[in-house]
Amino acid sequence: MKQAILTMLEMQEEMNARVHDSWRNQNFEWYRAIWIECAELMDHYGYKWWKHQEPDEAQVQLEIVDIWHFGMSCLLQNERDQENLASKIASSWKEERSESNFRDVVEALAAETLNKRTFSISIFSELCNSSELSFPKLYSFYIGKNVLNFFRQDNGYKEGSYKKVWGGREDNDHLNDLLNTIDNTAANFSELLYKALEDRYSQVS
């Protein structure tokens with residue numbers, strides 16, 4: 001687990017630097033992005049008692065992965081030693097199945113984030129467990145979304161020329177298709193995934 005966490009921290013560091021090369025000095029409000037993502041997560045899960053709602057499980061898990069991006073960034077903001085941070089995250093991670101109500105866990109993470117302006121690994125791991133998002137699955141989804149973020153940047157996202165919908169589908173949908181066709185244990189998993197995205201994009205855009 002520690003090595004997988006370290007890999008994700010390194011990739012997040014690289015992504016943040018791609019967006020802004022001195023991102024640590026910008027004092028971005030990572031905590032704000034986290035609690036707003038929690039609200040979006042709740043919307044996909046469903047909270048309206050006055051109408052019928054079924055959780056969109058695939059979208060719920062993708063929103064949790066988005067929270068993970070911002071959570072790691074929040075932790076990296078104050079900890080430059082990635083090896084040490086990976087150890088701290090691994091030691092705080094809860095792997096047992098959560099019996100807590102999903103909505104309560106989402107609200108606990110949002111409340112902790114708002115009150116302390118930081119990111120709780122123990123609550124986040126409980127959130128993963130309560131949505132049946134295992135650590136290996138989180139890892140696979142994170143790598144996929146990170147690769148997609150780089151792909152977006154390479155194709156004009158920052159300049160506003162990249163469109164998330166191509167070939168009649170959102171790029172997240174294309175990503176999910178490709179994640180099911182590539183071995184996520186391969187040493188060059190991220191490179192294979194990027195190439196697959198590139199090939200599909202060139203065919204349908």
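Tabulated results
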{"item": "Per residue value of the accessible surface for the chain (all protein chains in place, 1.4 Å probe), Å²", "result": "52 Å²"}
{"item": "Under 24 Å, Cα to Cα: Lys pairs in segment 60-181, sequence gap 8 or more or different chains", "result": "11"}
{"item": "Convex hull per residue volume in Å³, alpha carbons only, for the chain", "result": "135 Å³"}
{"item": "FRET efficiency, 1/(1 + (r/R0)^6) with R0 25 Å, evaluated for Ser92 and Asn180 via beta carbons", "result": "0.25"}
{"item": "Alpha-carbon Rg with Dmax, taken over segment 1-111, Å", "result": "15.7, 48"}
{"item": "The chain - mean residue ellipticity at 222 nm from DSSP helices (-39,500 (n - 2.57) per run, n ≥ 4, rounded to 500)", "result": "-22000 deg cm²/dmol"}
{"item": "Percentage relative contact order, the chain, counting C-alpha pairs under 8 Å, at least six apart", "result": "22 percent"}
{"item": "³J(HN,Hα) computed for each position of segment 132-144 - Karplus, 6.51 cos²θ - 1.76 cosθ + 1.60, integer Hz, glycine/proline x", "result": "6, 9, 5, 4, x, 6, 4, 4, 4, 5, 5, 4, x"}
{"item": "In order through segment 74-89: 3J(HN,Hα) via Karplus (6.51 cos²θ - 1.76 cosθ + 1.60), integer Hz, x for Gly, Pro", "result": "4, 6, 5, 4, 10, 9, 7, 7, 5, 4, 5, 5, 4, 5, 5, 5"}
{"item": "Carbon + sulfur, % of accessible area of segment 92-205 - ligands and nucleic acids excluded, 1.4 Å", "result": "44 percent"}
{"item": "Relative packing of peptides 105-113, 191-199 - highest average C-beta neighbours within 10 Å first", "result": "105-113, 191-199"}
{"item": "FRET efficiency, 1/(1 + (r/R0)^6) with R0 41 Å, evaluated for Lys2 and Glu57 via beta carbons", "result": "0.90"}
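The values are calculated or read from the model by the stated rules, or taken from the named source; none is laboratory data. All of these numbers come straight from a predicted model, not from anything done at the bench. Glycine gets a Cβ as well: all are built from the backbone with ideal geometry, and neighbour counts include every protein chain shown. Accessible surface is based on the protein model in full, side chains and every heavy atom, while ligands, DNA and RNA are left aside. Shrake-Rupley method; radii C 1.70, N 1.55, O 1.52, S 1.80 Å.
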